[in-house]
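Worksheet: one structure, shown below.
The values are calculated or read from the model by the stated rules, or taken from the named source; none is laboratory data. Quantities reported herein were computed from a predicted structural model and do not represent experimental measurements. Methodologically, a virtual Cβ is constructed for each residue, glycine included, from the backbone with ideal geometry; neighbour enumeration extends over all protein chains shown. Protein only, heavy atoms only, side chains kept; ligands, DNA and RNA dropped before computing areas. Shrake-Rupley method; radii C 1.70, N 1.55, O 1.52, S 1.80 Å.
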Number of protein chains: 2
Amino acid sequence: MHNCIVHYVREVTRNSKAQNAVAANPKAAQDETAQDAPRVSDRQILQRQVCFALYSASRAATAVYRPMLQELGLTYPQYLVLLLLWERDGASVRELGEELALDSGTLSPLLKRLEAAGLVRRQRSVDDERRMQVHLTDDGDALRERAAAVPQQLAEAAGLESGELDQLRGTLSRLTAALHVAAL
Amino acid sequence: MHNCIVHYVREVTRNSKAQNAVAANPKAAQDETAQDAPRVSDRQILQRQVCFALYSASRAATAVYRPMLQELGLTYPQYLVLLLLWERDGASVRELGEELALDSGTLSPLLKRLEAAGLVRRQRSVDDERRMQVHLTDDGDALRERAAAVPQQLAEAAGLESGELDQLRGTLSRLTAALHVAAL
DNA sequence: TAGAGTTTCATTGTGCGCAACTATTCTGCA
DNA sequence: TGCAGAATAGTTGCGCACAATGAAACTCTA
């Protein structure tokens, strides 16, 4: 009949089955029309903003990556870190952070998780003990091949011409650089 | 001499000032060269990926927004929700989620925070008690004017031609749509 | 009209992103 | 040489994203 563990209960419970057919809010009807086809005007509110277009596209892209990365036991930021390490084994936290624009507040726990997963080894640099160097383990290195197919699939899912993709990447690079400057 | 609360201590402490000049890891030397000037090839690893370009640009854009929104006491997703409510007061959680591609796991606590800040009121729909409708308070409505200047500033910081921005937005829209389809 | 299935929203848990802060090590200069 | 300040990582805390799950309300059909 009822479980012992109750996770939540509705704050407001039914006000007598809504037999007051007043339709207190005229928007209710109009909302129905928006059910399957969200009105163009509403989308446009957001689509007018470049920032939302970026936010939205970025999440959609990582969502396409997610199932592939999940098979490798990785999240997208973890995958980015490995991409760097595959080319520059032994990079420090600062170097990784510079490439990814992430600080130690994000990277430190992320690297600990990669270490716990057996993909990297962290060790203090011998000649500068402030530096924490990140080295691939054999498992981490082996993952490289399995991950090789990942970026390909996004390009296919993108539904854009190859030239269009190149142009997009170029525009985004310049945009990102300009924004980093603007953020002082 | 010492505080009572110790937040953390280095896992590995100095190995006797590195007097063991063995250089246990031959890679240490090679790392030095990468110290100050991240090699071009490394940047290219990431820049080859559209997904990283999106991820990067998106974070840079919200970073430019952040100080402006901070003055309004808002985060970027909260600002997006208000953008919608300013045009469609009384929208339900599902409707907001559809526009923003966010689920209730994200929106429910976000809306509670907006409510706690006195910007919105949440109330169950009378004619369908599953629906939770979100209404602006006077404060929430008043914020609209103060927020009007926000998007303008990003366009300036972007450092792109107006036409280029339009094209970018268009490309991103098509990309996002295609990716949503690809994600099944 | 009963009840199976759907819709809507909430909660829990995990991991990222970022600000604020702390600890440790190194550097440069007086 | 010693010490002030910089550089490097780590921690804490908060707010998103998102998966998995649960509860309540509604719908549709036999």
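Leaving out ligands, DNA and RNA, what percent of the accessible area of the range A:74-144 is carbon and sulfur, probe 1.4 Å?
Carbon and sulfur: 48 percent of the exposed surface of the range A:74-144.
If the label for A:V181 sits 7 angstrom from Cα along the Cα-to-Cβ line, what are its distances to the same label in every other copy, in nm to one decimal, shortest first?
3.8
How far is A:Q167 from the same spot in each other copy, in nm, shortest first, if each label point sits 7 Å from Cα toward Cβ?
0.5
FRET efficiency for B:D127 and A:A155, Cβ-Cβ distance as r, R0 = 45 Å, nearest 0.05?
In this case the efficiency is close to 0.45.
Per-residue accessible area for B:R131 at 1.4 Å probe radius, Å² rounded to 10?
40
Quick one: which residues, 5 or more positions from A:Q133 or on another chain, have an amide H under 5 Å from its amide H? H modelled 1.01 Å from N in the peptide plane, none for Pro or chain starts.
Placed amide hydrogens put A:Q123, A:R124, A:S125 under 5 Å from A:Q133.
Taking amide H atoms as placed 1.01 Å from N in the peptide plane, list the residues 5 or more away in sequence, or in a different chain, whose amide H sits under 5 Å from that of B:V120.
Residues meeting the amide H criterion: B:E115, B:T137.
Ignoring solvent entirely, what values of log10 I(q)/I(0) come out of the Debye formula for the range A:74-144 at 0.19 Å⁻¹ when each Cα is a single scatterer?
Per q value, in the given order, log10 I(q)/I(0) is -0.66.
Express in Å², to the nearest 10, the accessible area of B:H135 obtained by rolling a 1.4 Å probe over the protein heavy atoms while all chains stay in place.
20
Over what distance in Å are the Cα centres of the range B:48-112 and the range A:88-104 separated?
28
So what are the ³J(HN,Hα) numbers for the range B:168-184, from phi and the Karplus equation (6.51, -1.76, 1.60; θ = phi - 60°), rounded to whole Hz, Gly and Pro as x?
For the range B:168-184, the Karplus-derived couplings read 4, 4, x, 4, 5, 4, 5, 4, 4, 4, 5, 5, 5, 5, 5, 7, 6 Hz, x marking Gly and Pro.
I need the phi-derived Karplus couplings for the range B:140-152: 6.51 cos²θ - 1.76 cosθ + 1.60, θ = phi - 60°, integer Hz, Gly and Pro marked x.
Couplings: x, 5, 5, 5, 4, 5, 5, 8, 4, 7, 4, x, 3 Hz.
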